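Asker: Handing you this structure, nothing more for now.
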Amino acid sequence: MVVKFPHNNATCYGIVKNISEKGMCINSGVCLPSGSVVELIIPLKKEELLLPVNVRWIAKTGDFYDAMGIEVLQPSEKYLKIVESFSQTP
């Protein structure tokens, strides 16, 4: 699943590698600093879901930070349905 997030007056993109009711792991070419609180954007078919999140950790491979652990601060019903849909995927 693709997500978007603001960083330095630009919109950056990431790919969700793991998702749960409380958070997710996102791989991206750009990582936000640990402790950042932002609105993550999940593009849906007809709308965008805005989700307040906190960056709990960042990880790097070699010299590049390329993964973030995200805590979902206020999981909405729509977000929880997305999580549920992934848990039902074989």
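Asker: Identify which of K60, K45, K17 has the largest mean-square fluctuation in a Gaussian network model of the chain, with springs joining Cα atoms closer than 10 Å.
Answerer: K45
Asker: With θ set to phi - 60° and the Karplus curve 6.51 cos²θ - 1.76 cosθ + 1.60, what are the ³J(HN,Hα) couplings of the stretch 58-69 in order, to the nearest whole Hz, using x for Gly and Pro?
Answerer: 10, 10, 10, 10, x, 9, 10, 6, 9, 9, 10, x
Asker: While we're here: For the chain, what's the relative contact order in percent, using C-alpha pairs closer than 8 Å and at least 6 residues apart?
Answerer: Numbers: 184 pairs, mean separation 23.6, N = 90.
Contact order relative to length: 26 percent.
Asker: Next up: Once you order the gyration tensor axes a ≥ b ≥ c over the Cα atoms, which shape class does the stretch 1-48 get: rounded for a/c under 1.5, otherwise prolate or oblate by comparing a/b with b/c? Mind dumping the intermediate values first?
Answerer: Working: a/c = 1.57, a/b = 1.13, b/c = 1.39.
Since a/c reaches 1.5 but b/c is at least a/b, the shape of the stretch 1-48 is classed as oblate.
Asker: Right, next: So, with +1 on the Cβ of K and R and -1 on the Cβ of D and E, and no other charges, what is the size of the charge dipole of the chain about its Cα centre, to the nearest 20 debye? Walk me through the numbers before you get to the answer.
Answerer: Numbers: 9 positive and 9 negative charges, 23 e Å.
Here the size comes out at about 100 debye.
Asker: Can you work out the Karplus-derived ³J(HN,Hα) for every residue in the stretch 34-41? Use 6.51 cos²θ - 1.76 cosθ + 1.60 with θ = phi - 60°, whole Hz, and x for glycine or proline.
Answerer: Karplus values, whole Hz, x for Gly and Pro: 4, x, 5, 10, 9, 9, 7, 10.
Asker: Which entry in (1) 61, 31, 16; (2) 77, 31, 13; (3) 36, 30, 21 is this structure's computed Cα extents along the principal axes in Å?
Answerer: Here the calculated entry is (3).
Asker: Moving on. Can you give the accessible area of I19 in Å² (nearest 10), computed on protein heavy atoms with a 1.4 Å probe?
Answerer: Accessible surface of I19 is approximately 40 Å².
Asker: Heavy atoms only, 1.4 Å probe, whole protein assembly: order E71, E48 by accessible area, highest first. All intermediate terms of the calculation are to be shown ahead of the outcome.
Answerer: Working: E71 65, E48 90 Å².
Ranked from most to least accessible, the order is E48, E71.
Asker: Now for a separate question. In a GNM of the chain with a 10 Å cut-off on Cα contacts, which of N27, N18, N54 has the highest mean-square fluctuation?
Answerer: Looking only at N27, N18, N54, the largest GNM fluctuation is found for N18.
The values are calculated or read from the model by the stated rules, or taken from the named source; none is laboratory data. Here the structure is a predicted model, which means the values were calculated and not measured. All Cβ positions, even for glycine, are placed from backbone atoms using ideal geometry, and neighbour counts span all protein chains on display. Protein only, heavy atoms only, side chains kept; ligands, DNA and RNA dropped before computing areas. Shrake-Rupley method; radii C 1.70, N 1.55, O 1.52, S 1.80 Å.
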